[in-house]
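*Asks:* Take this structure first; my questions come after.
The values are calculated or read from the model by the stated rules, or taken from the named source; none is laboratory data. What you are looking at is a predicted structure, and each value in this text was computed from that prediction instead of being measured. For neighbour counting, all protein chains shown are included, and Cβ atoms are generated from backbone atoms with ideal geometry for every residue, glycine included. Areas reflect the complete protein model, heavy atoms only, side chains present, ligands, DNA and RNA absent. Shrake-Rupley method; radii C 1.70, N 1.55, O 1.52, S 1.80 Å.
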Amino acid sequence: FLPEGGNLVVGNYSKIAFKTVGPDGLGKDVKGTVTDDAGEEITKFESSHAGMGCFALVAKAGKTYKANITFTDGTTTTLDLPKAEAAGYTLSLNNTNPDTVRIRIAGGANGPMQKLRLAAQACGKVYYEVENNSDNKSFSVAIPKGKFPTGIIQFTLLSPSGEPLNERLAFIENNSKTTLGIKPDKQTYSSRQKVKIQLNAKNGAKPSTGSYSVAGTDEDKVP
């Protein structure tokens with residue numbers, strides 16, 4: 001069970017993702033309910049793909065929560081959800097808009113926020129930073145996706161001293177088109193002969209930096 005941003009905080013609306021993996025390493029479909037320590041049903045959940053799914057929860061002070069799980073073969077089990085923290089921050093991300101990614105930071109019951117900083121980076125390079133107004137209990141930003149390269153972007157909430165508090169990864173797609181020019185040093189090769197390939201990767205007119213891997217197959221055997 002994975003609270004979005006890393007923390008389940010009392011009083012904050014939180015999304016909790018889950019993933020179920022079988023002994024064979026593959027995802028397994030499940031469904032179930034979430035109940036509190038008094039046995040009251042809070043919400044239902046069901047996996048949507050490869051044993052993965054999510055549900056929403058607002059944790060209350062002094063309460064603990066369990067997931068009552070039913071597998072496809074009819075067997076059941078009960079697991080504790082992560083314990084809600086009395087103070088902390090919740091980071092929520094909405095990536096459904098094609099042009100912007102929206103992030104909301106909520107401070108829970110610990111009063112006005114500190115002076116926090118949200119940083120977005122990819123491959124060690126920071127592409128976006130913003131600070132909050134410390135008088136508020138929450139703040140939101142809508143960031144144009146054009147500020148980021150296509151790929152995995154790491155959004156991190158930092159304390160005034162630079163300590164990471166919350167983190168969320170998101171895949172940003174800017175419809176950038178990388179073209180690969182592939183030129184071998186020969187047209188034919190003998191068995192187990194070394195192959196040299198010249199690779200020219202471009203995003204439009206600009207060189208496209210990155211890590212690349214190659215797999216070779218026999219088209220007579222693997223069409």
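*Asks:* Provide the net charge surrounding residue 50, with neighbours chosen by a C-beta distance below 11 Å and charges set as Lys +1, Arg +1, Asp -1, Glu -1.
*Replies:* Net charge in that neighbourhood comes out at +1.
*Asks:* Evaluate E = 1/(1 + (r/R0)^6) for residue 197 and residue 15, where r is the Cβ-Cβ distance and R0 equals 41 Å; express this FRET efficiency to the nearest 0.05.
*Replies:* For R0 = 41 Å, the calculated efficiency reads 0.40.
*Asks:* Can you list the lysines whose alpha carbon sits under 25 Å from that of residue 147, skipping same-chain ones fewer than 8 residues off?
*Replies:* Those lysines meeting the cut-off are 115, 125, 177, 202, 206.
*Asks:* Within the chain, what's the longest run with no GluC sites (Glu not before Pro) in a DSSP loop and at most 15 other beta-carbon atoms within 10 Å? Give the range, please.
*Replies:* Here the longest run is 41-172.
*Asks:* Can you list the lysines whose alpha carbon is less than 25 Å from that of residue 28, not counting same-chain residues fewer than 8 positions off?
*Replies:* Output for residue 28: 15, 19, 44, 66, 83.
*Asks:* For segment 135-223, what D do you get in µm² per second when you plug the Kirkwood radius from alpha-carbon pairs into Stokes-Einstein at 10 °C and 1.306 mPa s?
*Replies:* 88 µm²/s
*Asks:* Only one of the values [x] 1.02; [y] 1.35; [z] 1.41 was calculated from this structure for Cα Rg over 2.2 N^0.38 Å; name its label.
*Replies:* Read-out from the structure maps to [y].
*Asks:* Residue 48 to residue 128: FRET efficiency via 1/(1 + (r/R0)^6), r the Cβ-Cβ distance, R0 25 Å, to the nearest 0.05?
*Replies:* According to the calculation, E is roughly 0.25.
*Asks:* Per the 1.4 Å probe, what fraction of the accessible area of the chain, in percent, lies on carbon and sulfur atoms?
*Replies:* 50 percent
*Asks:* Could you provide, to the nearest whole Å², the per residue accessible area of the chain with probe 1.4 Å?
*Replies:* Heavy-atom SASA per residue in the chain reads 65 Å².
*Asks:* Provide the net charge surrounding residue 101, with neighbours chosen by a C-beta distance below 12 Å and charges set as Lys +1, Arg +1, Asp -1, Glu -1.
*Replies:* Taking every Cβ under 12 Å from that of residue 101, the sum is +3.
*Asks:* Could you name the lysines in cross-link range of residue 196, using Cα to Cα under 18 Å and dropping any fewer than eight places away on the same chain?
*Replies:* 183, 186
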